[in-house]
Each structure stands twice: as C-alpha cells, then as structure tokens.
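Step one of this worksheet: look at the structure below.
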Amino acid sequence: MRWLALTTSACLSQAAYLSYKHLEQRKITRTRSWFSFVASNSEKKEMVNIQLPLRRIKENDKLELIQYATCPFCNKVRSYLDFYGIPYTLIEVCPAFKPEMKSLTVKKKKVPTVRICEATGTETVLQESSQIISLLHSYQIDSKSSETFSSLAVHFRQITENSDDQIAKYTIKNYGLDNQEKFRKELEWRKWADDKLVHVVAPNIYRNFAESIETFRVITAKGNYGYDAYWAKPLTFMATWFGSTFMCFVIAPRLKKKNKLNENVRQSLYEHVNEWVAEVGEKKFHGGDSPNLADLAVFGVLRCMEDMEAFLDMLEFTEIGPWYGRMSKLCSKNSKQTHFRQTSKQS
Ligand SMILES: N[C@@H](CCC(=O)N[C@@H](CS)C(=O)NCC(=O)O)C(=O)O
C-alpha cells in the first residue's frame with residue numbers, strides 16, 4: 001500500500017513538472033512571436049495623432065505611484081501616466097506588511113495609491129484607480145489652470161460621497177458641453193473595464209495549478225518580495241506555493257461562480273475581448289485616431305497579464321493584437337517612469 005502511494009505521488013509530481021516545463025517552452029516560443037509582431041508593427045510607422053493635454057503636470061510637482069506590478073487597477077493608472085508622458089516614480093509595494101505605505105495618511109493600505117507633492121508644498125494622496133485617472137485628466141484639460149490637485153481632490157471627495165450611482169468617479173470636471181456624447185461612450189467603456197473585464201482576469205491567470213504557479217513566478221519576478229533582503233527567497237517561495245494553491249483552488253473558482261463566467265474561463269476572456277474589439281471597430285482606437293480614457297483603461301487591465309499564458313492565448317485566439325500593439329508601442333514610447341527600488345541597506 002505504501003509503495004502504491006509513493007509511486008502514485010512520484011508519477012503525479014513528474015506529470016506536474018513535465019506539464020509545467022511544456023508550458024514554459026511553449027510560452028517562450030509564443031512570447032518571441034508576440035515581440036516580433038510588435039516590432040514589425042512599429043516598423044510601419046503608423047501615424048498616431050495624440051491630442052496633447054492643455055496643461056501639463058509641472059516637472060517639479062513630484063508624483064509617486066505606489067503599486068503592485070501585476071495589479072490591473074495599478075496598470076490602468078500606469079498606462080494613463082505612460083501615455084501622457086507624465087514623469088512619475090514607481091514604488092513597488094512589498095505585500096508582506098506593506099512598509100512602503102507606512103508614512104501615508106490613508107484609511108486603507110490598498111493599491112494603486114498616488115501621492116502628489118506640489119512645488120508649493122501641498123501633498124495630495126489619492127486612491128481608487130478610476131478616480132485617480134479622472135482627477136489627473138481633469139487637471140490636465142483645465143484650460144484656465146485654475147485647479148490644483150488638492151482642490152480637485154476635495155471636489156472628487158464631495159461628489160463621490162454625495163452620490164451612490166457609481167458614476168461620480170468617472171466624471172471629468174472641465175469636459176466641455178460639446179464633448180458630452182464622446183464622454184458618455186468613454187465613460188460607459190471605462191466602467192465596463194472595471195465592472196466586467198477585470199473580473200475575467202483572475203480566473204484566467206489562476207485557471208489551473210500549472211498556470212497558477214507560472215503566474216506567481218511572474219508576480220514574484222516583477223514585484224517587490226524583499227528584493228535583496230535575506231528573507232526575499234523564503235517569502236518568494238512561500239508566496240509561489242501557498243499563493244498559487246490558494247488562488248487556484250479557492251479564489252479563482254469562487255470568482256468564476258460569482259461573476260457567472262463560462263465553465264471554460266478562456267471562453268469568457270475571448271468573449272469580453274471580442275466585445276471590445278467590436279466596439280473599437282475599424283477605428284485605430286476607441287477614441288478615433290488617438291486613445292481615449294476607455295482605451296487606456298482596457299489596455300491597463302489587459303496589460304497586467306503580459307508574460308502569462310492567458311495573455312498569449314488572448315492574442316492568438318482573438319483579433320485584439322493590432323490594437324494592443326499600437327497601445328503598447330505608444331505607452332512604452334512616451335513613458336517617463338523612474339523605478340525607486342528600496343534596497344535592504346536603505347531600509
Ligand atoms: N476599486 C479599486 C480596487 C483596488 C484593489 O482592489 N487593489 C488591490 C490590489 S489588486 C489591493 O490593494 N488589495 C489590498 C491588499 O492587497 O492588501 C481601484 O480601482 O483602485
């Protein structure tokens with residue numbers, strides 16, 4: 001009996017190892033073809049007519065984005081900052097105790113959190129990805145330059161506290177009346193990214209144990225798991241094995257049920273992505289010749305899956321590639337990001 005148990009577990013671990021290796025090899029080949037696709041696309045030098053914001057965030061206003069590299073909400077904010085070439089410092093939070101957030105005056109230590117220190121000495125701390133984007137955009141299109149980050153923060157706090165319609169955080173102060181129709185569509189799809197698209201991500205990246213392990217390898221490689229601290233390796237190990245087991249067997253099935261996804265969750269991912277592709281239609285972007293806030297929100301959500309099996313499947317089995325390639329090229333070209341990496345010696 002003991003021999004049977006031993007042989008069975010040896011066979012099972014061998015099978016798990018082989019399927020993981022197979023996935024890894026397949027991923028390397030598919031990632032290479034994705035990068036060559038983007039490279040060949042960029043050689044075509046497509047003209048993209050970026051509508052410059054009326055008012056740029058000043059160089060000496062310091063903006064920090066406190067994030068997890070693979071969080072979809074953080075990626076939405078990062079895509080906005082990258083696309084508009086806003087200089088910012090990226091602070092990657094260590095999920096164990098979040099020491100990087102200790103000094104912040106926030107009720108909840110959640111990400112994304114943005115801290116803006118204006119040259120005047122005023123500090124504004126913002127949370128809620130869509131609200132952060134609405135606030136930054138309201139600032140950037142303020143033609144009279146009358147708003148400050150802190151005055152806008154007060155405005156958003158008031159309208160979100162006084163309304164329960166879930167729309168307030170998407171409103172852009174200073175959008176002119178002539179933009180109402182464009183604004184309605186843009187708002188509708190920004191909301192869709194938060195209410196629908198984001199919910200297909202977790203069940204897909206933790207779809208089975210092999211993918212869940214692979215996802216945690218990406219998360220721990222991109223994230224802050226102590227960097228060079230002596231406890232970085234044990235933390236990475238624990239996160240990978242406990243995290244992937246928990247996410248795959250507990251959280252992903254729960255989310256799948258809660259959000260009424262297809263039994264084959266990839267199908268739901270493709271359906272959502274195809275819905276977006278149909279909405280963009282023949283245009284280069286949802287916003288026409290240049291991306292709008294809906295393009296940036298959808299791109300941000302999907303971007304968090306880069307390097308994961310679900311992302312490569314999505315590129316292969318839907319028509320999103322050309323749009324995604326254009327967004328990716330624009331955001332990486334304009335990005336003015338500095339990555340602040342706290343080493344164990346500094347802490
Ligand atoms: N609605 C929020 C959601 C933010 C959110 O759920 N962030 C997660 C990370 S993906 C978080 O910080 N959770 C708390 C934690 O990890 O401790 C937004 O759009 O910013």
For the chain, what's the relative contact order in percent, using C-alpha pairs closer than 8 Å and at least 6 residues apart?
26
Length-normalised contact order of segment 195-276, Cα under 8 Å, at least 6 apart, in percent, tallies to 45
For the chain, set up a GNM with springs between Cα atoms under 10 Å and report which of Asn174, Asn162, Asn204 has the largest fluctuation.
Asn162
Using 7 Å Cα-to-Cβ label points, what is the Arg2/Lys21 separation (nm, one decimal)?
2.9
Find how much the distance from Trp241 to Gln267 grows on full extension, using 0.36 nm per residue of separation minus their present alpha carbon separation; answer in nm with one decimal.
6.7 nm
Residue order, fewest to most surrounding Cβ atoms within 10 angstrom, among Ser134, Ser145, Ser163, Ser212:
Ser145, Ser163, Ser212, Ser134
What nm distance separates the two modelled labels at Ala10 and Lys336, each placed 7 Å from Cα along Cα→Cβ?
6.2
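Let me know the shape class of segment 198-347, please: from the alpha-carbon gyration tensor, a ≥ b ≥ c as square roots of the eigenvalues, rounded when a/c is under 1.5, otherwise prolate if a/b is greater than b/c, or oblate.
Working: a/c = 2.80, a/b = 1.29, b/c = 2.18.
Taking the square roots of the gyration eigenvalues as a ≥ b ≥ c, segment 198-347 is oblate.
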Test of understanding: what is the full-extension gain from Thr89 to Gln180, defined as 0.36 nm times their sequence separation minus their Cα-Cα distance?
29.4 nm
Apply the membrane-span-like helix rule to the chain: whole DSSP H runs, Cα extent along the own long axis of at least 30 Å, mean Kyte-Doolittle hydropathy at least -0.5. List the helices found.
2-43
Trypsin sites (Lys or Arg not before Pro) restricted to DSSP loop in segment 181-281 with at most 13 other C-beta within 10 Å:
Lys260
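Under the classification rounded if a/c is under 1.5, otherwise prolate if a/b is larger than b/c and oblate if not, where does segment 77-223 fall, given a ≥ b ≥ c as square roots of the Cα gyration tensor eigenvalues?
oblate
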Report for the chain the percent antiparallel among DSSP-assigned beta bridges with both residues inside it, nearest 5.
60
Can you put Val106, Val77 in order, fewest other beta carbons within 10 Å first?
Val106, Val77
Hey, with R₀ at 35 Å, roughly what FRET efficiency would Cys117 and Thr31 work out to, going by the Cβ-Cβ distance, to 0.05?
0.40
Could you work out the relative contact order of segment 181-333, using alpha carbon pairs under 8 angstrom and six or more residues apart, expressed as a whole percent?
31
Can you sort Trp323, Trp192 so the residue with the fewest Cβ neighbours within 10 Å comes first?
Trp192, Trp323
Separation between the Gln158 and Tyr230 pseudo-spin-labels, each 7 Å from Cα along Cα→Cβ, expressed in nm?
5.4
Determine the gain in length on full extension of the stretch Phe209-Glu306; use 0.36 nm per residue of separation and subtract their C-alpha separation, reporting nm with one decimal.
33.1 nm
Using a ≥ b ≥ c from the Cα gyration tensor of segment 286-346 (square roots of the eigenvalues), is it rounded, prolate or oblate, where a/c under 1.5 gives rounded and otherwise the larger of a/b and b/c decides, a/b for prolate?
oblate
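With loop defined by DSSP as not H, G, I, E or B, and exposure as at most 10 other Cβ atoms within 10 Å, which is the longest segment of the chain clear of exposed GluC sites (Glu not before Pro)? Let's see the in-between values first.
Details: sites that count: Glu59, Glu263, Glu282.
Longest gap between qualifying sites, sites excluded: 60-262.
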Using a Förster radius of 22 Å, what is the FRET efficiency between Val250 and Ala96 based on their Cβ-Cβ separation? Nearest 0.05, please.
0.65
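FYI, it's all coordinate maths here, none of it is from the lab. On a predicted model such as this, the values are computed, not experimentally measured, just so you know. No Cβ is skipped: glycine too gets one built from the backbone with ideal geometry, and neighbour counts run over all protein chains shown.
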